[in-house]
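Each remark here refers to the structure printed beneath this line.
What follows draws every value from the coordinates through simple rules; no lab data is involved. All values reported here derive from a predicted model rather than from experimental measurement. Please note: Cβ atoms are built from the backbone with ideal geometry, for glycine as well, and neighbour counts cover all protein chains shown.
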Amino acid sequence: MLKKMLVIALTVFLLALSAYRPVNAQQSGEDDGGAGFISEIQGIVETKLQGKEEWVPAEQGQVIKQGDSVRTAKDAAAELSYESGGVTSLEGDSELSVKSVKSDYDNDDYETALDLVMGRILVNAGKVGSETLSFKVNTPVAVAAVRGTEFVVDVTGKEDAAIAAFSGSVQVTKIGSSDSVFIKKNKKISIQKKTTKLQKPVKLDKKTIKLKKKFITLKKKAVIHRKSIKLKRKTIALKKKSIHTIKKRVMLEEKPKVELKKKPKIR
């Protein structure tokens with residue numbers, strides 16, 4: 001009887017936990033290997049799923065997986081929130097695809113790599129806790145890699161790109177070369193395919209400085225997103241711990257009871 005009650009309790013508990021999701025966690029791709037989800041849409045935004053040829057209208061909350069692409073029309077924008085804790089804003093006339101993603105909950109190891117085909121992307125790649133985090137944005141001419149910072153990548157053509165750091169530092173490596181430089185806070189660099197070496201970073205120009213207001217808003221959203229991820233991870237940990245405890249109790253109930261033989265009375 002007790003065994004049946006424990007099995008029923010386990011079933012009810014699992015159903016309750018599976019139904020529960022913290023804010024935005026249901027779109028974050030935990031159950032289906034997603035890299036993240038589209039957290040905001042302004043104007044005309046489209047997605048192309050891995051292996052598909054056609055572009056279709058994007059939906060807010062839509063899970064984005066490895067190999068999927070997102071593009072925005074003129075005067076449109078899309079924000080994407082990732083399992084790593086990063087949040088990006090894809091501006092108008094832009095296109096990106098998720099090249100690769102790694103979300104290792106057990107070892108707190110997270111990697112996100114995006115391909116920016118054209119346009120501009122603002123990135124807040126802050127950490128959730130103290131885990132290892134790698135965030136990369138590939139362009140046709142260079143790769144920008146960070147471990148927790150704010151930066152912008154602008155692809156102005158097939159042979160030109162610009163990368164600027166608003167906090168922390170960004171490592172920029174030219175494609176087809178081992179040449180790389182670190183861009184520190186309030187510095188930027190322009191990369192041309194025809195040049196063999198990277199130029200030295202320079203101070204931000206007035207046009208780029210104006211993006212700081214957008215980063216303030218993006219940072220606030222990133223903080224909320226990372227709090228949601230922390231809550232979700234606590235829920236997952238609680239689920240695993242509770243399942244282990246209940247299974248252990250069921251196993252103990254299933255163990256055969258050893259009947260002690262009564263010793264004969266000695267007269």
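Here are some notes:
- Highest-first arrangement of 114-120, 45-51, where packing means the average Cβ count within 10 Å: 114-120, 45-51
- Measuring nothing but how far apart in sequence close Cα pairs (under 8 Å, 6+ apart) lie, relative to its length, region 35-218 scores a relative contact order of 13 percent.
- Base-10 log of normalised Debye intensity for region 35-218 (one unit scatterer per alpha-carbon) at q = 0.09, 0.10, 0.11, 0.12 Å⁻¹: -0.29, -0.36, -0.44, -0.53
- Derived scalar couplings between HN and Hα for region 206-214 equal 4, 5, 6, 4, 4, 6, 4, 4, 5 Hz in order, rounded to whole Hz, by the Karplus curve 6.51 cos²θ - 1.76 cosθ + 1.60 (θ = phi - 60°), x for Gly and Pro.
- Lysine pairs in region 59-193 whose alpha-carbon atoms fall under 15 angstrom of each other, counting only those eight or more residues apart or on distinct chains, come to 11.
- Local net charge near residue 117, Cβ-Cβ under 10 Å (Lys/Arg +1, Asp/Glu -1): 0
- Electrostatic bookkeeping for residue 155 treats Lys and Arg as +1 and Asp and Glu as -1; over the other residues with beta carbon under 15 Å from its beta carbon, the sum is +1.
- Summing +1 for each Lys or Arg and -1 for each Asp or Glu among the other residues whose beta-carbon sits under 15 angstrom from that of residue 217 gives +3.
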